[in-house]
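Derivation of every value follows stated rules applied to the coordinates shown; laboratory data play no part. These numbers were taken from a predicted model, which means no experiment stands behind them. Cβ atoms come from the backbone with ideal geometry, glycine included; neighbour counts cover every protein chain shown.
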Amino acid sequence: MTNASVAVAASPVIEPARAFDLWGDEVRRVCGTLQVIGDRDRFGAGTIATRVFGTMRVSRITADPHAVVRHDRVASNEGGHVYVVTLLNGTARLCQDGTDITVRTGDLVAFDSSRPYTLAMPQPFTMVGVRAPHRSLGMTPQKTSSITAAPWNGKTGVGALASHTFAALGYHLAELDDAAREPLGTTVGGMITTLFAERLCSSVVDPAAARQLLVLRICGYAQEHMGDSALSPAMLARRHNISLRYLQVLFAEQGSSPARWIRDQRLERLRTDLVNPRYDHLTVSAIAERWGLVDASQVSRLFRMKYGVSPREYRRTRGETAGLSPLSPLGRVAPGWR
């Protein structure tokens, strides 16, 4: 789903309880396996508008009071994403990792769906949520606990800038054409990286937090230069005044390597562009070159290794081959897709 808007409402022909059940189905379709809890006999309406910007998914949600619960067993089996949410109106209560906080209108909060959480909205609300894969941020689920379940003030500093940016993006989702998706995806990713870096800066006395902050900065820089064929681990090490060996150590702590991470990010962008009608006039090789993949003989092999089909086959079927989008090459739900 790259662009969708769904509304559910009670009416003379749809009872509130039925409307609530339909709403729960839509929430799970967009956000993954969740328990949706609320007053089924009093639920009135809810709407979800969603747009995908590269690896980021932005959703604007307006609904009557309810709560969503991500259970431990589901989170462990499905994997997850990092979510950053800002409230346009109403309040929310978030519980994760033993922390219980209240988020007020204008503020932001992050949570990780690879771990259990509860998000409750006790009154009618509107929120904008950004969903980001761990890999695009250079993080693992084990490394996000230092930035989740603690709000950013939406009235000052980076929090205010991010809150206003995400709110404007949510309000104008339906007006944004395909040409805007690529640069806006980079902007949204950079904003999330900046938010997380600010949070980690407050813990720089912790060596682990300092390393995570450096990884965020490195990945943010790489995301902005992914189309540069010269981007490489050596280039990243020089740019950030560290040795190549230390760069490899930093990525090893995230369960990856700098070369593999760059390759996977480029393949992901190629995969996204292959089904974008805006690029139908370009060859697979030309699209690959946009993302620094200049060796045509390697592109097809690497793409098939990662996604199970060739780039041409993926393009021909618009990514529907074997339900590829949410699946790993082995056909299982891949970590980080929910």
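I want to verify the translational diffusion coefficient of the range 52-199 in µm²/s; compute it with Stokes-Einstein, Rh as the Kirkwood radius over Cα pairs, at 25 °C and 0.890 mPa s.
Values: Rh = 15.3 Å.
Translational D for this selection: 160 µm²/s.
From a point 7 Å beyond the Cα of K306 in the direction of its Cβ, which residues of the range 256-276 have a backbone N at a distance under 14 Å? Correct set: 257-275. Each residue of the range 21-29 was assigned a 3J(HN,Hα) from its phi angle through the Karplus expression (A = 6.51, B = -1.76, C = 1.60, θ = phi - 60°), giving 5, 5, 4, x, 4, 5, 4, 5, 5 Hz with x at Gly and Pro. Between H240 and T102, the distance separating the two model label sites (each 7 Å from Cα on the Cα→Cβ line) works out to 3.9 nm. Ordering L87, A168, I218 by Cα displacement along the dipole of the chain toward the positive end leaves I218 in first place; charges were set at the Cβ atoms of Lys, Arg (+1) and Asp, Glu (-1). Angle of helix 207-224 to the longest C-alpha principal axis of the chain, folded into 0 to 90 degrees and rounded to 10: 80°. Computed from point charges on the beta carbon alone (+1 for Lys and Arg, -1 for Asp and Glu), the dipole magnitude for the chain about its Cα centre is near 860 Debye.
If you average the alpha carbon positions of the range 278-318 and of the range 39-104, how far apart do those two centres end up, in angstrom? Answer, in whole Å: 34.
How high is the relative contact order of the range 243-323, in percent, with contacts defined as C-alpha pairs under 8 Å that are six or more residues apart? Can you show the working numbers first?
Numbers: 49 pairs, mean separation 18.5, N = 81.
Relative contact order comes out at 23 percent.
What value does the range 243-323 have for Rg/Rh, both radii from Cα atoms and Rh as Kirkwood defines it?
Details: Rg = 14.2 Å, Rh = 13.5 Å.
Rg/Rh for the range 243-323 comes to 1.05.
For the chain, take the longest principal axis of its alpha carbons; what is the angle in degrees between that and the long axis of helix 296-307, to the nearest 10 within 0 to 90? It is inclined by approximately 40 degrees.
One quarter of the convex hull surface built on the alpha carbon atoms of the range 209-267 amounts to 3.6 nm², the projected area averaged over directions.
Treating only the Cβ of Lys, Arg, Asp and Glu as charged (+1, +1, -1, -1), what charge dipole size does the range 207-262 show about its Cα centre? Round to the nearest 20 debye. Could you put the intermediate results ahead of the total?
On the way: 6 positive and 3 negative charges, 32 e Å.
The dipole of the range 207-262 has a size of about 160 debye.
When Rg is the radius of gyration of the Cα atoms in the range 131-201 and Rh is its Kirkwood radius, what does Rg/Rh come to? Spell out each step's value before the answer.
On the way: Rg = 13.2 Å, Rh = 13.4 Å.
With Rg and the Kirkwood Rh in hand, the quotient comes to 0.99.
Largest mean-square fluctuation among G98, G170, G220, in a Gaussian network model of the chain whose springs join Cα atoms under 10 Å apart, belongs to G98. Put a dot 7 Å past the Cα of A296, heading toward its Cβ, do the same for E198, and the two dots end up 4.7 nm apart.
In this label model, H172 and V69 are separated by 4.0 nm, measuring between points 7 Å along each Cα→Cβ vector.
If I take all pairs of Cα atoms in the chain, what percentage of them are more than 38 Å from each other? The answer is 15 percent, as a whole percent.
For the range 52-199, the dipole from Cβ point charges (+1 on Lys and Arg, -1 on Asp and Glu) about the Cα centre works out to 240 debye, to the nearest 20.
For the chain, set up a GNM with springs between Cα atoms under 10 Å and report which of H164, H81, H134 has the largest fluctuation. Among H164, H81, H134, the largest mean-square fluctuation in the Gaussian network model of the chain belongs to H164.
Computed over the Cα atoms of the range 190-240, pair by distinct pair, the Kirkwood hydrodynamic radius stands at 11.5 angstrom. The relative contact order of the range 52-199 comes to 30 percent, based on Cα pairs under 8 Å that sit 6 or more residues apart. The string of couplings for the range 166-174 from the Karplus curve (6.51, -1.76, 1.60, θ = phi - 60°) is 5, 4, 4, 4, x, 5, 10, 3, 5 Hz, one whole number per residue in order, with x for Gly and Pro.
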